[in-house]
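Peer 1: Take this structure first; my questions come after.
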Amino acid sequence: MKKLRIAIAGLTACSGCQLSLLNCEDELPVLLEMFDFQFFPMATSPALLADEYDAALVEGCISMPHEKELLQELRRRSRYLIALGTCAACGGVAALRNGDGRELLRQQVYGHSPVADETFDPIPLQSLVKVDAVVTGCPPEKEELLRMLAGLLRGALPVGIDYPVCTECRMRENLCLLTERDALCLGPLTLGGCGARCPSLSVPCEGCRGPVPEANLVEALEVYAQKGFDRTAVIGRLRRFCPEWKL
Ligand code: SF4
Ligand code: SF4
């Protein structure tokens, strides 16, 4: 069988999503039989971009001119472009301080160094190029990554999840931390797929997978208010992983 040609690139991010893939240690020998990771700077020696890829998996958001160029090149050369992780999907923690004003942040961190002049407010991939699919998470679950790769072998893109963490939490018959313990759990507004990892360990969901489609923010804020959480605190928590949340 012909191996699929894959490019894996990291933009502004912590590299955790790429690392999650490398952490699939048991599966790596099989993956290497089926995929040709032709461009993967984090894991292999630097390589020039090839003319074509079957898929490009891109981690992180865009905050530098050279990232724009790389992303556009990958888009141009790839049949599919897949956003890997919450930063790529909606900005994530890399865009956490977008609301604070670029100039102020630049001075606080870099002083007058010209390095910072090359950066701009982080934006998600879909702000610049067409994104064919998203595998969200901070980082994505290992099973999701393997499912996505298995799908690519069949020429299929991953099916987008459209339910919140609460759905999986209820399926696991967990105690609801919001209603029973008055904890600020962001599960109702957060995209599922993690198997309610945190609430299952009695830890409130932090919203690391970004917003669920058609999240009912108004209703959720009402419930949070009944539990004593004000809107600003809730939105502040939500914005740690997705700056698009607005009051
Ligand atoms: S604990 Fe959180 S994720 Fe689970 S049902 Fe309650 S609000 Fe939803
Ligand atoms: S429960 Fe919430 S914070 Fe925990 S992994 Fe899932 S989405 Fe992320």
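The values are calculated or read from the model by the stated rules, or taken from the named source; none is laboratory data. All of these numbers come straight from a predicted model, not from anything done at the bench. As a convention, Cβ positions derive from the backbone with ideal geometry for all residues, glycine included, and neighbour counts pool all protein chains shown.
Peer 1: For residue 90, are the conditions met, namely being in contact with a Gly (Cβ under 6 Å, 6 or more places away or on another chain) and in contact (Cβ under 8 Å) with a residue 12 or more places away in the chain?
Peer 2: yes
Peer 1: Please work out if residue 188 is buried (at least 17 other Cβ atoms within 10 Å of the Cβ), in a helix (DSSP H, G or I) and either away from ligand 1 (no atom under 11 Å from the Cβ) or without any contact (Cβ under 8 Å) to a residue 40 or more places away in the chain (or both).
Peer 2: So residue 188 passes the test.
Peer 1: Spot the failing condition for residue 98; the list is (1) modelled with pLDDT under 95; (2) touching a Phe, Trp or Tyr at 6+ places or on another chain (Cβ under 8 Å); (3) surrounded by fewer than 22 Cβ atoms within 10 Å (Cβ to Cβ), and only one is missed.
Peer 2: (2)
This table checks each residue for (1) of a type outside the set (Asp, Glu); (2) in a helix (DSSP H, G or I); (3) buried (at least 23 other Cβ atoms within 10 Å of the Cβ).
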{"position": "8", "(1), (2), (3)": "yes, no, yes"}
{"position": "20", "(1), (2), (3)": "yes, yes, no"}
{"position": "29", "(1), (2), (3)": "yes, yes, no"}
{"position": "33", "(1), (2), (3)": "no, yes, no"}
{"position": "36", "(1), (2), (3)": "no, no, no"}
{"position": "51", "(1), (2), (3)": "no, no, no"}
{"position": "73", "(1), (2), (3)": "no, yes, no"}
{"position": "109", "(1), (2), (3)": "yes, yes, no"}
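Peer 1: Just checking, which of 132, 182, 230 is at pLDDT 95 or above and away from ligand 1 (no atom under 16 Å from the Cβ)?
Peer 2: Matching residue, one of 132, 182, 230: 132.
Peer 1: If you take the residues in region 136-163 that are free of Cβ contacts under 8 Å to residues at least 24 places away in the same chain and in a loop (DSSP other than H, G, I, E, B), which one is nearest to ligand 2 (Cβ to nearest atom)?
Peer 2: Among those residues, the one meeting the criterion is 159.
Peer 1: Against the condition part of a helix (DSSP H, G or I), within 16 Å of ligand 2 (Cβ to nearest atom) and under 20 Å from the mean Cα position of the chain (by Cα), how does residue 178 come out, does it pass?
Peer 2: For residue 178, the condition - part of a helix (DSSP H, G or I), within 16 Å of ligand 2 (Cβ to nearest atom) and under 20 Å from the mean Cα position of the chain (by Cα) - is not met.
Peer 1: Name the pairs whose Cβ atoms lie under 6 Å apart, with the first residue in region 164-175 and of a type in the set (Ser, Thr, Tyr), the second within 13 Å of ligand 2 (Cβ to nearest atom), and 6 or more positions between them or separate chains?
Peer 2: 167/192
Peer 1: Please specify each residue of region 34-60 satisfying the condition of being within 20 Å of residue 158 (Cα to Cα) and not charged (D, E, K, R).
Peer 2: Selection gives 34, 35, 37, 53, 55, 56, 57, 58, 60.
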